[in-house]
Amino acid sequence: MGKSALHAAEFLLPAKGVDLSAWAVVACDQFTSEEEYWKELAAYVGDKASALHVVLPEIYLDQREKLAPVTVEKMKEYIATGVLEKTAPGLILTVRKTPYCPRRIGLIGAVDLEEYEYAAGSRALIRATEGTIAERIPPRLEIRRDAPAEFPHIMLLYDDETRSVNEALYENRNRYEKIYDFELNMGGGHTEGYFISDCEEILSRFAAFADAERSLKKYGDSAPFLFAAGDGNHSLATAKEHWNRIKGSLSEKERATHPARYCLAEIVNVYDEGIHFEPIHRFVSGVDKTAFEKGLLQLENASFFLADGGVHEGKDSLPASIAAVDRYIEDYLKKHGGKVDYVHGTENLRALVGKDKTSSGICFKPMEKSELFAYVSKHGALPKKTFSMGEGVEKRYYLEGKLIR
């Protein structure tokens, strides 16, 4: 049996009386080209206690100098005034229904950042599934540096075709205390949660997955591979860098229990029926559309299709095609200007391209989720923004938090 990177957590949860439908909001890295979404959400929330007030949507990341201190102070206020209350140590079984799937089962706990590495070629227990964009970490570090708590949207995948953990917990969910059950705002669906205080058997099952012999048999590599970052890799990388910065000033005893060493994440079986991989498309704007697409179509080996028509079939694999397109975009923008954004959903991309004649949308096919662990184990991380787990409204909603100071 290997060692597990998963631990029980002392959660921060909204106190009784807080309107949970106003409290829970979608991951901050969604709808980054659709400010209307965030304006509508802000109007819905109003002055109610909400996670919207303690996270910074990435669409406003360029205003972080003004907004970040406000979110930090609001966290402190919610903790001091009892809007947020700390639980006993435990895990939370969470069940999500979305407009696209009837059920997704997750298990929320704290993962040990000492067991996570996002560098290319990592053989850690917890690994990135795609390239980490280094410049996206410092802005997040600025926010995390002074924050007393975290409210992450991280989802980690584990590889269990026997469906022996989350699914079994779901079947026995009535044994546990139900702590929330409500409709999510902005079309996010429904969520319910169950608090699990007796965690030892569950944690030991994950430790069994972190076994060298199992990894060798499944992936051809004896380095145990327990969790793959499905969503929120940059949040996880930021938590790791924050921990790296402060742990040098701590004694060995302090390091073992410091709350910043552990990061909240939702753990989901890659075989869960509610997990479906969606491609992340490229939205390039501020360019000469004709010239940009003429050069793009000269990538003869890459496979992709354009949002407003035209399929380009090449012999390259999906990861190789994405890498080739990204290199072309980066080179074009350096020479001619413009910008690139990463968009979830073909229809969303088509709507954006339809409104902007200086733009182009490049679409990719989805990756097969059953290939993920074997690919990452053999080749390392995929190109950045290769896949997304579901549509934008299916992303984790901020609900649970944890102290990090």
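Looking at A228, A237, A265, just one residue is surrounded by 22 or more Cβ atoms within 10 Å (Cβ to Cβ) and within 19 Å of E368 (Cα to Cα), and that residue is A228. The condition of being surrounded by fewer than 19 Cβ atoms within 10 Å (Cβ to Cβ) and more than 28 Å from T98 (Cα to Cα) holds for only one of S360, S317, that being S317. For the structure I just gave you, tell me whether A323 is within 30 Å of L264 (Cα to Cα) and out of contact with any Asp or Glu (no Cβ under 8 Å at 6 or more places or on another chain). Judged against the criteria, A323 is not a match.
For the stretch 101-114, filtering for residues that are under 29 Å from T257 (Cβ atoms) and surrounded by fewer than 19 Cβ atoms within 10 Å (Cβ to Cβ) leaves 2. Taken over the stretch 48-66, residues that are assigned to a helix (DSSP H, G or I) and more than 18 Å from S235 (Cα to Cα) amount to 3.
Mind telling me which of the residues A302, A324, A381 ends up being modelled with pLDDT under 90 and hydrophobic (A, V, I, L, M, F, W, C)? Criteria check complete, one pass: A381. Consider E394 carefully, then state whether it is of a type in the set (D, E) and not assigned by TED's automatic domain parsing to the domain that holds L157. In short, no. Restricting the stretch 121-136 to residues that are under 18 Å from the mean Cα position of the chain (by Cα) and part of a loop (DSSP other than H, G, I, E, B) leaves a set whose member that is surrounded by the fewest Cβ atoms within 10 Å (Cβ to Cβ) is I133. Candidates T98, T81: the one that is surrounded by fewer than 18 Cβ atoms within 10 Å (Cβ to Cβ), within 20 Å of L399 (Cα to Cα) and hydroxyl-bearing (S, T, Y) is T81.
Taken together, G295, G338 contain a single residue that is farther than 24 Å from M367 by Cβ, touching a Gly at 6+ places or on another chain (Cβ under 8 Å) and touching a residue at least 12 places away in the same chain (Cβ under 8 Å), which is G338.
Of all residues in the stretch 365-394, those that are part of a helix (DSSP H, G or I) have Cβ atoms under 7 Å from Cβ atoms of residues that are of a type in the set (K, R) and surrounded by 20 or more Cβ atoms within 10 Å (Cβ to Cβ), 6 or more apart or on another chain, in V376/R127. Scanning the stretch 180-195 for residues that are under 11 Å from S21 (Cα atoms) and aromatic (F, W, Y) yields Y180, F182.
Among the helices (runs of 4 or more DSSP H) confined to the stretch 180-293, the ones with at least 2 residues that are farther than 27 Å from E161 by Cβ and within 22 Å of the chain's Cα centre (by Cα) are located at 233-247.
Quick one: would you say N244 is over 24 Å from I362 (Cα atoms), in contact with a helix residue (DSSP H, G or I) (Cβ under 9 Å, 6 or more places away or on another chain), in the same structural domain as D146 (by TED's automatic domain parsing) and surrounded by fewer than 22 Cβ atoms within 10 Å (Cβ to Cβ)? For N244, the condition - over 24 Å from I362 (Cα atoms), in contact with a helix residue (DSSP H, G or I) (Cβ under 9 Å, 6 or more places away or on another chain), in the same structural domain as D146 (by TED's automatic domain parsing) and surrounded by fewer than 22 Cβ atoms within 10 Å (Cβ to Cβ) - is met.
The values are calculated or read from the model by the stated rules, or taken from the named source; none is laboratory data. Note that the coordinates shown come from a computational prediction; the quantities given were computed from them, not determined experimentally. Cβ sites come from the backbone with ideal geometry, for glycine too, and all protein chains shown count toward neighbours.
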